[in-house]
Amino acid sequence: VQLQASGGGWVQPGGSLRLSCAASGDIFVGNIMGWYRQRPEEQRELVATMTSGGSSNYADFVKGRFTIFRKNLGNTAYLQMGGLQPEDTAVYYCNVRQGENYYWGQGTLVTVSS
């Protein structure tokens with residue numbers, strides 16, 4: 001499984017960005033795609049996930065601001081981020097979980113500053 005993430009960049013506080021993650025290879029039905037982030041000097045943390053059936057899960061700190069959705073027969077996951085704040089500055093990683101296997105994309109940097 002290969003994951004290609006894109007969409008990071010710089011945005012001012014209050015702004016929006018959309019991240020995308022395209023999965024290819026041996027993609028199975030019943031997987032979970034998601035986004036994690038790692039802020040400077042912090043551990044990687046979950047942001048949002050979505051099952052192939054469309055059930056989503058969000059970290060409390062992004063509820064109401066970020067939305068995860070999937071397209072392309074579920075093989076592309078998006079993270080629509082709004083109301084971005086400096087504390088959202090991080091490297092964002094996409095992830096696919098298939099059974100007990102986890103696959104990671106290369107990470108995309110999101111910087112929120114004025």
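Quick notes on this one:
- Counting every pair of alpha carbons in the chain, the share spaced more than 21 Å apart comes to 29 percent.
- Multiplying the residue separation of S55 and E100 by 0.36 nm and removing their Cα-Cα distance gives an extension gain of 14.3 nm.
- Rough spin-label spacing in nm, given labels placed 7 Å along Cα→Cβ, for L109 and Q85: 2.3
- The label-point distance for V29 and E45, in a model that sets each label 7 Å from Cα toward Cβ, rounds to 3.6 nm.
- Residue among A77, A59, A48 with the largest mean-square fluctuation in a Gaussian network model of the chain, springs linking Cα atoms under 10 Å: A59
- Stretch gain in nm, segment R18-R65, where the contour uses 0.36 nm per residue and the Cα spacing is subtracted: 15.7 nm
Read-outs throughout are calculated quantities, based only on the coordinates presented, and are distinct from any laboratory measurement. Here the structure is a predicted model, which means the values were calculated and not measured. For neighbour counting, all protein chains shown are included, and Cβ atoms are generated from backbone atoms with ideal geometry for every residue, glycine included.
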